[in-house]
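Engineer: Take this structure first; my questions come after.
The values are calculated or read from the model by the stated rules, or taken from the named source; none is laboratory data. Note that the structure is a prediction, hence the values are computed from the model and not measured. As a convention, Cβ positions derive from the backbone with ideal geometry for all residues, glycine included, and neighbour counts pool all protein chains shown. Ligands, DNA and RNA are excluded from the accessible area calculation, which covers all protein heavy atoms including side chains. Shrake-Rupley method; radii C 1.70, N 1.55, O 1.52, S 1.80 Å.
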Amino acid sequence: MLRALVIILAVVSVFDAHQAARVPAQSATSDIGSQLLQEPSVRSALDRLKRSEPSLLDEQIRLCEIPAPPFKETRRADALRQSFQSLGLKNVHIDRAGNVLGERAGTGAAPHLVFSAHLDTVFGEEVAIRMTRAGAVLKGPGISDDCRGLAVLLGVVRALDEAQIQTPGPITFVGTVGEEGLGDLRGVKELFNGELKGRIDRFVSVDGAGLGITHIGVGSLRYRVTFKGAGGHSYGDFGLANPIHALGRAVARIADIQVPALPKTTFNVGRIGGGTSVNAIASEAWMEVDLRSSDGAALATLDASLQRALDEALKAENDRWGNRGRLTMSKTTVGNRPAGRVSADSPIVQSAVSVTRALGLPVSLDEGSTDSNLAMSLGIPAITIDGGGTATGTHSIDEAFDSTNSWQGTARAFLVTLALSR
Ligand SMILES: [Zn+2]
């Protein structure tokens, strides 16, 4: 027991080394869940929270009926800002990137917890955003990912207030923009580099349905690669370097790149295009490439292999035709999500595990690509937790959220907030 305790403390001190000056080390994380459940104010808050889950589901639908396409989250952001204000959060505002922030003071200045969910969806403006409900199942684009997270955020603020709980550290609640796809984490990038730079001690994102705890952030790099040349007639101009042939050479080389099975590292040419006619040498060909890994170094190695494959393909096509109609190649980075991880033994993960167990729920430690990636890559303790319930059809227009026992997700998020703000 003592030895276990020493190990936990050692992990705590290493983990919080960068902020040792102002943040009290998290202690006794392994039984924080059962400790919290012994506090009468916490128990009554949980009771109330379970009773008010139906109205939380109403809010989930209300927020989700406001479209929030990539880069166009303004209307939903405005609705969340109003909710934050009516819940009595302080200094409620929208930052330069479009994130919505609201503060709840602590009895002290640390630890500063940021508790967030993302506003944006993968759906463009052309997708009709309509929510329906059949029994326990809510249906509509984004209803789980991440209207559930936004609703849980509001549920946690309300539970803290109704139970009149004063946390030792302050909490900033945030609705972030740009989590999905080409949004490229621009919301959290602004959050960690803008007004809260150097002031975030712990970060939690509530994202989607389920009960998992994500502590490994899968990094990704995405490129759009374009080959360009003179173009011409397929017969009359035969002998010119061909952008589509160069693209083919590149894809063949990429397909042969060797990657480790662990840490899981993947590549994909997801889209290709170019050319105008079967009897024309194209003047342009392009592709979009996605690279991923749960390990930053492995991602960098894969990236180097990709660059080599592209350069070799370009040279091979130009050499083939003695540089006639010499091709050029341009590469644009269209996504860069850093990889990161927090150890399963770390206080932030162990706190989340402890409260999950205390509620009698199954523990599942996961990897994923979420807003927490950025915090993890900066060495800031961070996790992404699921918001309860179960999802089907995530990122599709048939997305659904089964709210059976979804109050458990709200309860778990509430306890995680308490555990991490002390
Ligand atoms: Zn999400």
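Engineer: With a Förster radius of 56 Å, plug the Cβ-Cβ distance of R199 and I272 into 1/(1 + (r/R0)^6) and report the FRET value to the nearest 0.05.
Structural biologist: On the way: r = 44 Å, r/R0 = 0.79.
So the FRET efficiency works out to roughly 0.80.
Engineer: Ok, one more. Using only DSSP helix segments of four residues or longer, with each worth -39500 (n - 2.57), what per-residue ellipticity at 222 nm results for the chain after dividing by its residue count and rounding to 500?
Structural biologist: Computed ellipticity for the chain at 222 nm equals -11000 deg cm²/dmol.
Engineer: For H93, H118, give me the order by solvent-accessible area with a 1.4 Å probe, most accessible first, ignoring ligands, DNA and RNA.
Structural biologist: On the way: H93 40, H118 0 Å².
Largest to smallest exposure gives the sequence H93, H118.
Engineer: Mean 1/r over all different Cα pairs, inverted: what Kirkwood radius does the stretch 21-121 give, in Å?
Structural biologist: Numbers: mean 1/r = 0.0609 Å⁻¹.
Final number for the Kirkwood radius of the stretch 21-121 is 16.4 Å.
Engineer: Using the Kyte-Doolittle scale, find the helices of the chain whose mean hydropathy is at least 1.6 and whose Cα atoms extend 15 Å or more along the helix's long axis, counting only whole DSSP H runs. Write down the numbers at each step before the final one.
Structural biologist: On the way: long enough: 2-15 (19 Å, 2.74); 40-51 (17 Å, -0.88); 53-64 (16 Å, -0.21); 74-86 (18 Å, -1.24); 147-162 (22 Å, 1.07); 243-255 (18 Å, 0.77); 296-320 (36 Å, -0.31); 347-358 (16 Å, 0.73); 407-420 (20 Å, 0.94).
Helix filter hits for the chain: 2-15.
Engineer: Ignoring everything but the protein chains, give the 1.4 Å probe accessible area of T333 in square angstrom, nearest 10.
Structural biologist: Result for T333: roughly 80 Å² accessible.
Engineer: So what is Rg over Rh here for the stretch 383-422, counting just Cα atoms and using Kirkwood for Rh? Don't skip to the end; give the middle numbers.
Structural biologist: On the way: Rg = 12.5 Å, Rh = 11.3 Å.
Ratio of gyration radius to Kirkwood radius: 1.11.
Engineer: Charges at C-beta only: +1 for Lys and Arg, -1 for Asp and Glu. How large is the resulting dipole of the chain about its Cα centre, in Debye rounded to 20?
Structural biologist: Numbers: 43 positive and 45 negative charges, 95 e Å.
Once rounded to the nearest 20, the dipole reads 460 debye.
Engineer: Oh, and also: With N residues in the stretch 120-169, what two-decimal value do you get for its Cα radius of gyration over 2.2 N^0.38 Å? Mind showing how you got there, number by number?
Structural biologist: Values: Rg = 15.3 Å, N = 50, 2.2 N^0.38 = 9.7 Å.
After normalising by residue count via 2.2 N^0.38 Å, the value is 1.57.
Engineer: Please build a GNM for the chain, connecting alpha carbons under 10 Å apart, and tell me which residue among D31, D319, D120 fluctuates the most.
Structural biologist: D319
Engineer: Moving on. Which translational diffusion coefficient, to the nearest whole µm²/s, is obtained for the stretch 249-351 from the Stokes-Einstein equation, given a Kirkwood hydrodynamic radius over C-alpha pairs, 10 °C and 1.306 mPa s? Can you show the working numbers first?
Structural biologist: On the way: Rh = 16.1 Å.
My calculation gives 98 µm²/s for D.
Engineer: Right, next: Once the dipole of the stretch 267-419 is set up with Lys and Arg at +1 and Asp and Glu at -1 on Cβ about the Cα centre, which of N336, P362, A316 lies farthest towards its positive end?
Structural biologist: Of the options given, the answer is A316.
Engineer: Now a separate question. Calculate, in nm to one decimal, what T392 and R96 gain on full extension: separation in residues at 0.36 nm each, minus their alpha carbon distance. Display every interim value, and only then the final one.
Structural biologist: Numbers: separation 296, 0.36 × 296 = 106.56 nm, distance 3.35 nm.
Here the answer is 103.2 nm.
Engineer: Where does the stretch 285-324 land on Rg/Rh, using Cα atoms and the Kirkwood Rh? Don't jump to the answer; show the numbers that get you there.
Structural biologist: Working: Rg = 13.5 Å, Rh = 11.8 Å.
We get a ratio of 1.15 for the stretch 285-324.
Engineer: While we're looking at this one, here's another question. Rounded to the nearest 0.05, what FRET efficiency is calculated for Q85 and D290 with R0 set to 45 Å and r the Cβ-Cβ distance? Walk me through the intermediate numbers first.
Structural biologist: Values: r = 39 Å, r/R0 = 0.87.
The pair Q85/D290 has a calculated efficiency of 0.70.
Engineer: For the residue pair D58 and A128, what label-to-label distance in nm results when each label sits 7 Å from Cα along the Cα-to-beta-carbon direction?
Structural biologist: 2.6
Engineer: In vacuo Debye scattering of the stretch 270-422, one point per C-alpha: log10 I(q)/I(0) at q = 0.14, 0.19 Å⁻¹?
Structural biologist: So the normalised log intensities work out to -0.87, -1.24.
Engineer: For S220, S305, S44, what's the largest-to-smallest order of accessible area, 1.4 Å probe?
Structural biologist: Details: S220 5, S305 25, S44 55 Å².
Greatest to least solvent exposure: S44, S305, S220.
Engineer: Per Stokes-Einstein, at 10 °C and 1.306 mPa s, what whole-number D in µm² s⁻¹ belongs to the chain, with the Kirkwood radius over Cα pairs as the hydrodynamic radius?
Structural biologist: On the way: Rh = 23.1 Å.
So the translational diffusion coefficient is about 69 µm²/s.
Engineer: Further, regarding this structure: Just to verify a number: FRET efficiency for T107 and V363, C-beta to C-beta distance, R0 = 25 Å, to 0.05?
Structural biologist: Working: r = 30 Å, r/R0 = 1.22.
Using R0 = 25 Å, I get an efficiency of 0.25.
Engineer: With only Lys, Arg, Asp and Glu charged, each at its Cβ (+1 for the first two, -1 for the last two), find how big the charge dipole of the stretch 59-203 is about the Cα centre; round to the nearest 20 debye.
Structural biologist: On the way: 18 positive and 19 negative charges, 45 e Å.
Once rounded to the nearest 20, the dipole reads 220 debye.
Engineer: May I pose another question? Search the structure for amide H atoms under 5 Å from the amide H of G335, placed 1.01 Å from N in the peptide plane, and list their residues when 5 or more places away or on another chain.
Structural biologist: R222
Engineer: OK, next. Please arrange L262, L378, L191 by accessible surface area, largest first, computed with a 1.4 Å probe and ligands excluded.
Structural biologist: L262, L378, L191
Engineer: Give, in nm to one decimal, the length gained when the segment between T74 and Y235 is fully stretched (0.36 nm per residue of separation minus the Cα-Cα distance).
Structural biologist: Values: separation 161, 0.36 × 161 = 57.96 nm, distance 5.29 nm.
The span from T74 to Y235 would gain 52.7 nm if fully extended.
Engineer: Over the chain, what is the mean sequence separation of C-alpha contacts under 8 Å (at least six apart), divided by residue count, expressed as relative contact order in percent? Mind dumping the intermediate values first?
Structural biologist: Values: 968 pairs, mean separation 100.3, N = 422.
After rounding, I find 24 percent.
Engineer: Let me ask you something else. Separation between the A252 and A300 pseudo-spin-labels, each 7 Å from Cα along Cα→Cβ, expressed in nm?
Structural biologist: Spacing of the two 7 Å Cα→Cβ label points: 3.2 nm.
Engineer: Calculate the radius of gyration of the Cα atoms of the stretch 213-276 to one decimal place, then report Dmax, the largest Cα-Cα distance, as a whole number, both in Å.
Structural biologist: 17.2, 61
Engineer: OK, next. Give me log10 I(q)/I(0) at q = 0.14 Å⁻¹ for the stretch 89-179, Debye formula, one equal scatterer per alpha-carbon, no solvent.
Structural biologist: -0.61
Engineer: Would you mind checking the stretch 242-267 for residues with the amide N under 12 Å from a putative spin-label position 7 Å along Cα→C-beta of A316?
Structural biologist: Counting backbone N atoms under 12 Å from the label point, the list is 245-257.
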